[in-house]
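Undergrad: Encoded as structure tokens, here's the structure I'll be asking about.
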Amino acid sequence: MRRFLVLVVLSVLVVSLGCASQQPVSFTPAPTPSRPPVVKKEREREPQREAEPFAQVPSVGGVHPRREWANAAPIVSRLDPMGTPTCITVHHEGDYASPMSQSYVCGHLRAIRTQQIKTKASGGLEAGDIAYHFIIDPSGNVWEGRSLQYQGAHAGNFYANRGNIGICLLGNFDAQTVPEAQRQALRRLLVTLMKRYRLSASAIYTHREVKRRFGLPPTECPGRNLQVYVDSLRTQFRVASR
């Protein structure tokens, strides 16, 4: 019995010494191979087809080019490409207007542009150029505003302006009727643009309609009398297309 106890004690000592004598094993993982730097690929933009300058569109006639009135170049850094136009919006300026000399119109267009390119803090639109692509004076003269190469700043926000040709008639058509010369000039311009860009009557809007379409604050533009005339034009265009 005593001999058995001695053997048990010796066995325990041997095991204890064995565990205590083991050196801790240090494990160093193999180095992770470094990944090559990720080169971010610039997202390819959908190619935009630049609109032709309006003066180069055949059979237009009567459009005074921008160079006749503008005394400064557009601020290109504030402009977005137009691409192919998909709709047209008709506005009135909102101030009473009567027939005026062409030199007066030129000065008036410069004044409109000067106000619209001011910063928003200064009461402007912070636009890159006059907001509209075309302006029609009370005598029925059509003036080129912003180049059709660039998106306008007339409809309310970027999305409302995208692909949207802006036409402004000088006058306040809540307070006055639309002169016949302006009515006919607007009709001819709309017909030309519709043919040029293959637009239907349903692509013609007034400013108040565009505002509603994009959920923007309401406006009375283009005035009730011009609104009625645009309504009648769309009806004529629909009937003619049947």
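Please treat every number below as a calculation from the coordinates, not as lab data. These numbers come from a predicted model, not from an experiment. Here the Cβ is made from the backbone with ideal geometry for all residues, glycine too, and neighbour counts use every protein chain on show.
Undergrad: Might you report the magnitude of the Cβ-based charge dipole of region 102-221 about its Cα centre, with Lys and Arg at +1 and Asp and Glu at -1, to the nearest 20 debye?
TA: Roughly 400 debye, rounded to the nearest 20.
Undergrad: If you don't mind, another one. For Thr84 and Arg238 in the same chain, what is the full-extension length gain: residue separation times 0.36 nm, less their Cα-Cα distance, in nm?
TA: Result for the pair: 53.2 nm of gain on full extension.
Undergrad: Continuing with the same structure: List the residues whose amide H sits under 5 Å from the amide H of His92, counting only those 5 or more places along or on another chain, with H placed 1.01 Å from N in the peptide plane.
TA: Amide H neighbours of His92, under 5 Å, 5+ apart: Leu169.
Undergrad: Something else: Taking 8 Å as the Cα distance limit and 6 or more residues as the minimum spacing, I'd like the relative contact order of region 61-241 as a percentage.
TA: That works out to 28 percent.
Undergrad: What nm distance separates the two modelled labels at Tyr96 and Thr114, each placed 7 Å from Cα along Cα→Cβ?
TA: Placing both labels 7 Å beyond Cα along the Cβ direction yields 2.4 nm.
Undergrad: Let me ask something else about it. Quick one: grab the alpha carbon gyration tensor of region 61-241, order the square roots of its eigenvalues as a ≥ b ≥ c, and give me rounded if a/c is under 1.5, else prolate or oblate depending on whether a/b is larger than b/c.
TA: In terms of gyration-tensor shape, rounded.
Undergrad: Using the Karplus curve 6.51 cos²θ - 1.76 cosθ + 1.60 with θ = phi - 60°, work out ³J(HN,Hα) for each residue of region 102-114 in order, rounded to whole Hz, and write x for Gly and Pro.
TA: Along region 102-114, the couplings run 5, 5, 5, 4, 4, x, 5, 5, 4, 5, 4, 4, 4 Hz.
Undergrad: Also, quick follow-up: Report the full-extension gain for the segment Ser122 to Arg213: residue separation times 0.36 nm, less the Cα-Cα distance, to one decimal in nm.
TA: Difference between extended and current length: 29.9 nm.
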